[in-house]
Amino acid sequence: MLTTFRFFGSSRSSVCNALQSGSAALVVVGFLLVVGCKRAPPTPEEKPEAPAERPVDAKLIESVRKMAAACTVKLETAAVQCADGSLARLVAEFSSAPEKRIAALPTIHLLVADKDEKVRVVAASLAYDVMRGGFGEAAKVGAIEPDIARELVDDTAHASAVLGRVLAPVAVHAAILAGEKAYLFEHFDQDASLAAAGYRMLMVHGRLDVFERVQQLARDERSAVRLSAFEAPRHMPRWSEKDRASICPWAAGFLSDERPLVSPRVASLMSRCSGEYVDKLLAFVELRSSAGQADRAFGAVLREVCAPGMRKQSGVSDPQLDKTRRLMNGLVEDKKLDASTRAAALSSVAYCWPDEESSKLAAKHLKDADPVLARSAGDVRSRLVQRLSAERPEKATTGPGATGNSHK
């Protein structure tokens, strides 16, 4: 595919010269272009357009090559560790300037096709760290040239399995912003590994424009691809009421899905909903808890419902928050759960409600028989005592973790 693309990007004269030389590879297209080859040379007023050369960031190329030589590069996992912090500094430089990410794509394309495997890994790792989350909320369709997007899709499809998964999110963002969704789907649909790694990011820039495709993916027979569909809306930033009106009813239909790992992902989606859908979510978690089927995943979902930032976005009501707290307290007290799950639930309660009630809940488990829960309770209690003492010094709480006596 890439060879064909480059051929049609060639000038008319180079194609005609090849035809006239009798190149066997061009016999078929020669018949189609023969009329064009007989055309008279252009007049001075009709000069042929020279193909524009893409700007390449020589400094970026030099930086990546230096890191490939100096850093620890694990080819089997595509992991890069730079003791001198060079990779982290470069990531920070691009992360702070979304426009630089788009400008760097032609250079990234060159680097991930480099003959040196370490250079390819460093370039892919850099692209993942900088671009996996997208190109900024201001980026719109048309921001990336279609040719570049296709080449990145090709890079990803033809890379090794591990590099393909690293590059997949970047290729998805580029294709969406270039209006090349069809080209993306044509190549990624054939590979479950690429589809799973990339399609979970479809809605970052595609938003509701690709939601119909996400709904189709939710019915895919391949488990990894199917699960990516339920992750896609989570990566879409700043849900509007219109977004919730489309996503929440759809997600609710899968809440009781028995297929592995579906319901926890759907529950996580619904934690960003509001109104009746939060009620349905809480009822479902309550049902699972009463049946002894609660686990750490649902504790994380409850934390998302009550998280201060999410409360503002979704508009969760006070009665819903009260029920969420009751369910989370229940997880802390559920002795059938493993200690790490109970400890995580306790930490979440303190995160959502850093108050005296949470402090008392932690104090209750300071001497728990399980050392994991007891240690977590001590940490939570200490943090809450310090915070409450700072907020209300005249009523400073004494006990484990207290920083001093009450003021007199």
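I'd like the residue in the stretch 59-81 that is basic (K, R) and part of a helix (DSSP H, G or I) and, out of all such residues, is surrounded by the most Cβ atoms within 10 Å (Cβ to Cβ).
First, pick out the residues of the stretch 59-81 that are basic (K, R): 59, 65-66, 74.
Now restrict to residues that are part of a helix (DSSP H, G or I): 59, 65-66.
On the way: K59: 9, R65: 17, K66: 14.
Across the stretch 59-81, the extreme among qualifying residues is R65.
Just the residues that are among the charged types (D, E, K, R), within 23 Å of Q190 (Cα to Cα) and over 21 Å from the mean Cα position of the chain (by Cα), please, taken from the stretch 121-150.
First pass over the stretch 121-150, keeping only residues among the charged types (D, E, K, R): 129, 132, 137, 140, 145, 147, 150.
Imposing the further condition that a residue be within 23 Å of Q190 (Cα to Cα) reduces the set to 132, 147, 150.
Once the filter is applied, which keeps residues that are among the charged types (D, E, K, R), within 23 Å of Q190 (Cα to Cα) and over 21 Å from the mean Cα position of the chain (by Cα), the stretch 121-150 yields only D147.
Would you pick out the residues in the stretch 294-347 that are without any contact (Cβ under 8 Å) to a residue 12 or more places away in the chain and assigned to a helix (DSSP H, G or I)?
Passing the criteria: G309, R311, K312, D318, P319, D322, R326, E333.
Name every residue in the stretch 348-372 that is among the hydrophobic types (A, V, I, L, M, F, W, C) and either more than 37 Å from the chain's Cα centre (by Cα) or in a helix (DSSP H, G or I) (or both), in order of residue number. So that I can check it myself, show each step before the final result.
First pass over the stretch 348-372, keeping only residues among the hydrophobic types (A, V, I, L, M, F, W, C): 349-350, 352-353, 361-363, 366, 369, 372.
Matches in the stretch 348-372: V349, A350, C352, L361, A362, A363, L366, A369, V372.
F254 fails exactly one of the following numbered conditions: (1) surrounded by fewer than 20 Cβ atoms within 10 Å (Cβ to Cβ); (2) part of a helix (DSSP H, G or I). What is the number of that condition?
With respect to (1) surrounded by fewer than 20 Cβ atoms within 10 Å (Cβ to Cβ); (2) part of a helix (DSSP H, G or I), F254 is out only on (2).
Being in contact (Cβ under 8 Å) with a residue 24 or more places away in the chain, under 17 Å from L217 (Cα atoms) and not charged (D, E, K, R) is the filter here; which residues of the stretch 241-263 pass it?
Once the filter is applied, which keeps residues that are in contact (Cβ under 8 Å) with a residue 24 or more places away in the chain, under 17 Å from L217 (Cα atoms) and not charged (D, E, K, R), the stretch 241-263 yields S246, I247, C248, P249, W250, A251, A252, F254, L255, P260, L261, V262.
Would you mind finding the one in L177, L227 that is more than 25 Å from A103 (Cβ to Cβ) and at pLDDT 95 or above?
Working: L177 fails: more than 25 Å from A103 (Cβ to Cβ).
Of the residues listed, the single one that is more than 25 Å from A103 (Cβ to Cβ) and at pLDDT 95 or above is L227.
Given the structure, is A124 surrounded by fewer than 21 Cβ atoms within 10 Å (Cβ to Cβ), hydrophobic (A, V, I, L, M, F, W, C) and modelled with pLDDT of 95 or more? Reasoning before the result, please.
Numbers: surrounded by fewer than 21 Cβ atoms within 10 Å (Cβ to Cβ): no; hydrophobic (A, V, I, L, M, F, W, C): yes; modelled with pLDDT of 95 or more: yes.
In short, no.
Would you mind stating whether V162 is touching a residue at least 40 places away in the same chain (Cβ under 8 Å), surrounded by fewer than 21 Cβ atoms within 10 Å (Cβ to Cβ), among the hydrophobic types (A, V, I, L, M, F, W, C) and assigned to a helix (DSSP H, G or I)? Can you show your working first?
On the way: touching a residue at least 40 places away in the same chain (Cβ under 8 Å): yes; surrounded by fewer than 21 Cβ atoms within 10 Å (Cβ to Cβ): yes; among the hydrophobic types (A, V, I, L, M, F, W, C): yes; assigned to a helix (DSSP H, G or I): yes.
So V162 fits the description; yes.
Quick one: what pairs do we get from the stretch 167-189, first residue farther than 16 Å from R213 by Cβ and assigned by TED's automatic domain parsing to the domain that holds A143, second outside any loop (DSSP other than H, G, I, E, B) and among the acidic types (D, E), C-beta under 7 Å, 6+ apart or different chains?
That search, which allows pairs on different chains as well, returns L167/D155.
Do we have any residue at all in the stretch 82-89 that's hydroxyl-bearing (S, T, Y), at pLDDT 90 or above and in a helix (DSSP H, G or I)? It would help to see each step written out before you state the result.
Our first condition is that a residue be hydroxyl-bearing (S, T, Y); within the stretch 82-89, this holds for 86.
In the following step, the residues that additionally are at pLDDT 90 or above were identified as 86.
Next cut, in a helix (DSSP H, G or I) only: 86.
Checked the stretch 82-89: at least one residue is hydroxyl-bearing (S, T, Y), at pLDDT 90 or above and in a helix (DSSP H, G or I).
Do we find that E151 is of a type in the set (D, E), closer than 26 Å to E76 by Cα and buried (at least 20 other Cβ atoms within 10 Å of the Cβ) in this structure?
On the way: of a type in the set (D, E): yes; closer than 26 Å to E76 by Cα: yes; buried (at least 20 other Cβ atoms within 10 Å of the Cβ): yes.
So E151 passes the test.
The values are calculated or read from the model by the stated rules, or taken from the named source; none is laboratory data. Because the structure is a prediction, the values reported are computed rather than measured. Don't worry about glycine lacking a Cβ; one is built from the backbone with ideal geometry, like all the others, and counts go over all protein chains shown.
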